[in-house]
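Undergrad: Here it is: the structure, laid out below.
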Amino acid sequence: MNKLKLLFLSEVSSSNLLRRLNNEFEVFFNIEDLTTEDFVNINVLWTHLNYKIDEKFLSKYPNVKYIVSPVTGINHLDIDYINRSSIKLITLREEKNFLKDISATAEHTWAIFLALQKNILRAHQSIVSELSFVRNNFDAVQLSGKSIGIIGFGRIGKMISRYAHSFRMNVFYYDVNDIPASKKYSYQSLENLLIKSDFIFLTASYTPKYHHFFNIEKFKLMKSTSIFVNTSRGELVNELDLIYSLKNKLISGAALDVFDNELNFDCKSNDLVNYSQENSNLILTPHIGGRSADALDLVETYLYNKLKRIINE
């Protein structure tokens, strides 16, 4: 029996996954090496976030029947076209039971927040680059007793709330969905949350309806001493408004792991990168929140098994 042909559109992060795929599929890794015949014969696409999978892209692959994307955010996928084309989409979006123990993104979110709030990167650079051992340039506030506002109270938001609670912080949350009230945490309107919180975490899902949802009006409501953290999707934030808010001290700092239009991200010309090169109150990481070797192995194994099960149905 001929094996299905699978095109892997991302770096292989797990040797276990590679072994499994090679056992079950005829696997292609480099899109540039495909012949016209190869394009036509591909049956399965495995992709992370490095391609926009839409009608234009899929027109090269008329025999694709399955798309696997080990993500929860799906704005890189044209869902309407995929559904119209009767292609089976396999993601992590509805896998709540499986995902409850996958904490890599929440851990990274908390880490970049602490790095900024505690001046860790600046202090490190002062020693190794400036050869300066001066302690009083890096004062921070303690977190105990401060208030954190979480926008989007899904899986990641709830994990962040538990971290904050362990730091003895007051936790406020807002979500567009009807989230049951919690005895530990306080539901707020979005406006109240922005006004009252010392730190704002954006952990919401993206849909086109909420494109650039976080804009200058939201930043103006925040405390001038507050920090803004986004590890959800960059398209939720108007980045020029964020830069304006930092420059004009509407907020004191920001930490980002996600960016608007990541498929065309250019470090040399990006406004956020340019600002961060001259200022220490903006930390940027290249969408690595979920890049944990053990977590990726669990995720990829889970989706591989799910793909096999669906193919064999």
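Undergrad: So, of the residues in segment 253-266 that are among the hydrophobic types (A, V, I, L, M, F, W, C) and at pLDDT 95 or above, which turns out to be surrounded by the most Cβ atoms within 10 Å (Cβ to Cβ)?
TA: So, considering only residues that are among the hydrophobic types (A, V, I, L, M, F, W, C) and at pLDDT 95 or above, the one surrounded by the most Cβ atoms within 10 Å (Cβ to Cβ) is A254.
Undergrad: R233 fails exactly one of the following numbered conditions: (1) charged (D, E, K, R); (2) without any contact (Cβ under 8 Å) to a residue 12 or more places away in the chain; (3) surrounded by 14 or more Cβ atoms within 10 Å (Cβ to Cβ). What is the number of that condition?
TA: Only one criterion in (1) charged (D, E, K, R); (2) without any contact (Cβ under 8 Å) to a residue 12 or more places away in the chain; (3) surrounded by 14 or more Cβ atoms within 10 Å (Cβ to Cβ) is unmet by R233, namely (2).
Undergrad: Which of the residues belonging to segment 211-230 are of a type outside the set (A, V, I, L, M, F, W, C) and part of a helix (DSSP H, G or I)?
TA: Within segment 211-230, E217, K218, K220 qualify.
Undergrad: Let me ask another. Taking the condition modelled with pLDDT of 95 or more and more than 30 Å from D80 (Cα to Cα), does S182 pass?
TA: No: the conditions fail for S182.
Undergrad: Would you say N261 is in the same structural domain as D175 (by TED's automatic domain parsing), at positive phi and not β-branched (V, I, T)?
TA: yes
Undergrad: Give me the residue from segment 109-164 that is of a type in the set (D, E, K, R) and under 18 Å from the mean Cα position of the chain (by Cα) and, out of that set, surrounded by the most Cβ atoms within 10 Å (Cβ to Cβ).
TA: K158
Undergrad: In segment 296-313, what residues are under 19 Å from N2 (Cα atoms) and among the aromatic types (F, W, Y)?
TA: Y304
Undergrad: With respect to T207, determine if the residue is buried (at least 24 other Cβ atoms within 10 Å of the Cβ) and among the hydroxyl-bearing types (S, T, Y).
TA: no
Undergrad: If you go through segment 173-190, how many residues are part of a loop (DSSP other than H, G, I, E, B) and under 21 Å from the mean Cα position of the chain (by Cα)?
TA: Number of matching residues: 3.
Undergrad: Among the residues in segment 43-59, are any among the polar types (S, T, N, Q), under 25 Å from T301 (Cβ atoms), buried (at least 18 other Cβ atoms within 10 Å of the Cβ) and free of Cβ contacts under 8 Å to residues at least 24 places away in the same chain?
TA: No - not one qualifying residue is present in segment 43-59.
Undergrad: Same structure, new question: Among the residues of segment 266-275, are any touching a helix residue (DSSP H, G or I) at 6+ places or on another chain (Cβ under 6 Å) and of a type in the set (F, W, Y)?
TA: Scanning segment 266-275 turns up at least one residue that is touching a helix residue (DSSP H, G or I) at 6+ places or on another chain (Cβ under 6 Å) and of a type in the set (F, W, Y).
Undergrad: Just the residues that are among the aliphatic types (A, V, I, L, M) and part of a strand (DSSP E or B), please, taken from segment 191-210.
TA: Scanning segment 191-210 gives I200, L202.
Undergrad: While we're on this one: All but one of (1) modelled with pLDDT of 85 or more; (2) surrounded by fewer than 18 Cβ atoms within 10 Å (Cβ to Cβ); (3) among the acidic types (D, E) hold for D78; which doesn't?
TA: Going through the list (1) modelled with pLDDT of 85 or more; (2) surrounded by fewer than 18 Cβ atoms within 10 Å (Cβ to Cβ); (3) among the acidic types (D, E), D78 breaks only (2).
Undergrad: Here's something else I'd like to know. So, in segment 231-280, exactly how many residues are part of a loop (DSSP other than H, G, I, E, B), over 18 Å from the mean Cα position of the chain (by Cα) and small (G, A, S)?
TA: Number of matching residues: 3.
Undergrad: Which residue is surrounded by the most Cβ atoms within 10 Å (Cβ to Cβ), if the candidates are limited to segment 281-313 and must be of a type in the set (K, R) and over 17 Å from the mean Cα position of the chain (by Cα)?
TA: That would be K306.
The values are calculated or read from the model by the stated rules, or taken from the named source; none is laboratory data. It should be emphasised that the depicted structure is a prediction, and the values quoted were computed from it without experimental measurement. Here the Cβ is made from the backbone with ideal geometry for all residues, glycine too, and neighbour counts use every protein chain on show.
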